Amino acid sequence: MAGKGGPGAQPGADPSQDEAGGWDEDADAARPGRRLRTLAPSLSSLRAFEAVARRRSFTKAAQELNLTQTAVSHQVRKLEDRLGTQLFIRDRDGVRLAAPGREYLVAVRQALNVLSMATQRMLDRGDEESLSIVSLAAFGIKCLMPLLPDFRRRYPHIVIRFDTVISFDAAAVYDYDVAIRYGNGNWSGLAAHKVAQEELFPVCSPAMLARSPIACARDMLRHTGIVTSSVVFRDDWPEWLALFDCTVEDFSDLVRCDTMLAASQAAIDGLGIAMGRTPLVNRDIEEGRLVELCGHRLKSDTGYYLTSSESRAQRRPVQLFTQWLLDRFHR
């Protein structure tokens, strides 16, 4: 086969286009009138790298991307040459990520996800019947997702995009119509509707309670406390335990989780006692996965809010969703 730009090249073909449909930066830089410059890796190389890392196989990655194995190998090799490091370890057992590859994969996946979401946003803009929802993960999975089938039955013509976030500090990449936030309801430029009153109380699995009855707060201290330890989330245990002149350090043992979702699941699985929040644990209590302890609830001055910008609040799908969600929680 003739080389790129050689006698066998197709008339009018761009010599910087590679066999996998990507952009050959080296050829681009060498073309007459071009200055040598530093460019980001091609999208084709990044997609090939991510697919091989996820499938742990050049053959499977090639099948997924509808390319030849040679083309995928070429893209990955070109990326490794550009970065000056080996991303994969290739041996008779297969393909696995080298240490630099594991580090690079995190950033590549984030970048590809951002690009994918931006593309979807552009497509959604032209659809008057679309609704994009961003929710804090715990509320989205525990409270909103189980209700969405009802919304879909009522409004089947509305196309939903549903995303979850751990914190809204990183939510700038989402172009959403409505968002479920946690706080006191005061966000500049946003219309906010309180979804539900929040109360705090300890919870554990029914099996754990059956093994060791718990009658009061001090009985709990003989067990493992499940705390939320994160720069993003406030742990609710200190405030509740202070009512009984106790501290988190009084537990016989501790399990630390980084999110409310992980903490509640740890309690369901019997790892210990977690601090539950309404409405996050309501469904788990109703369906017997968790039980409330001690019978003392602490009312919170914060809660979950449905928010939207003033302009998005005028959209018909947003108005329908807002009224539906508030009806479901305030009935």
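The values are calculated or read from the model by the stated rules, or taken from the named source; none is laboratory data. For clarity, every value in this text was computed on a predicted model and none was experimentally measured. Please note: Cβ atoms are built from the backbone with ideal geometry, for glycine as well, and neighbour counts cover all protein chains shown.
Of all residues in the range 100-131, those being farther than 19 Å from S45 by Cα and at pLDDT 90 or above number 1. Inspect all residues belonging to the range 238-249 and state whether any of them is in contact with a His (Cβ under 8 Å, 6 or more places away or on another chain), hydroxyl-bearing (S, T, Y) and surrounded by fewer than 18 Cβ atoms within 10 Å (Cβ to Cβ). Checked against the condition, which is being in contact with a His (Cβ under 8 Å, 6 or more places away or on another chain), hydroxyl-bearing (S, T, Y) and surrounded by fewer than 18 Cβ atoms within 10 Å (Cβ to Cβ), the range 238-249 yields no hits at all. Please find, among E239, E249, the residue that is within 30 Å of I214 (Cβ to Cβ) and without any contact (Cβ under 8 Å) to a residue 12 or more places away in the chain. Of the residues listed, the single one that is within 30 Å of I214 (Cβ to Cβ) and without any contact (Cβ under 8 Å) to a residue 12 or more places away in the chain is E249.
Among the criteria (1) part of a helix (DSSP H, G or I); (2) in contact (Cβ under 8 Å) with a residue 40 or more places away in the chain, the one V106 does not fulfil is (2).
To keep it simple, each residue is scored yes or no on (1) over 15 Å from L298 (Cβ atoms); (2) at pLDDT below 95; (3) touching a strand residue (DSSP E or B) at 6+ places or on another chain (Cβ under 6 Å).
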site: L190; (1), (2), (3): yes, yes, yes
site: C204; (1), (2), (3): yes, no, yes
site: R234; (1), (2), (3): no, yes, no
site: E239; (1), (2), (3): no, yes, no
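Rundown of residues vs (1) touching a residue at least 40 places away in the same chain (Cβ under 8 Å); (2) outside the structural domain of H223 (by TED's automatic domain parsing); (3) closer than 22 Å to V165 by Cβ; (4) of a type in the set (D, E), yes/no style:
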position: T278; (1), (2), (3), (4): yes, no, yes, no
position: C294; (1), (2), (3), (4): yes, no, no, no
position: E310; (1), (2), (3), (4): yes, yes, yes, yes
position: Q314; (1), (2), (3), (4): no, yes, no, no
position: P317; (1), (2), (3), (4): yes, yes, yes, no
position: T322; (1), (2), (3), (4): yes, yes, yes, no
position: L326; (1), (2), (3), (4): yes, yes, yes, no
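For A274, indicate whether it is closer than 20 Å to S300 by Cβ, crowded, with 18+ Cβ neighbours inside 10 Å and at pLDDT below 90. I'd like the intermediate steps shown before the answer.
Values: closer than 20 Å to S300 by Cβ: yes; crowded, with 18+ Cβ neighbours inside 10 Å: yes; at pLDDT below 90: no.
Taking the combined requirement at face value, the residue does not satisfy it.
Check whether at least one residue in the range 286-309 is modelled with pLDDT of 95 or more and assigned to a helix (DSSP H, G or I), and report yes or no. Yes, that holds for at least one residue. Of the residues that sit in the range 83-96 and are in contact (Cβ under 8 Å) with a residue 24 or more places away in the chain and more than 15 Å from R47 (Cα to Cα), which one is surrounded by the fewest Cβ atoms within 10 Å (Cβ to Cβ)? That would be G94.
Listed by position, the strands (runs of 3 or more DSSP E) contained in the range 196-262 that have at least 1 residues being farther than 27 Å from C143 by Cβ and out of contact with any helix residue (DSSP H, G or I) (no Cβ under 9 Å at 6 or more places or on another chain) are 253-257.
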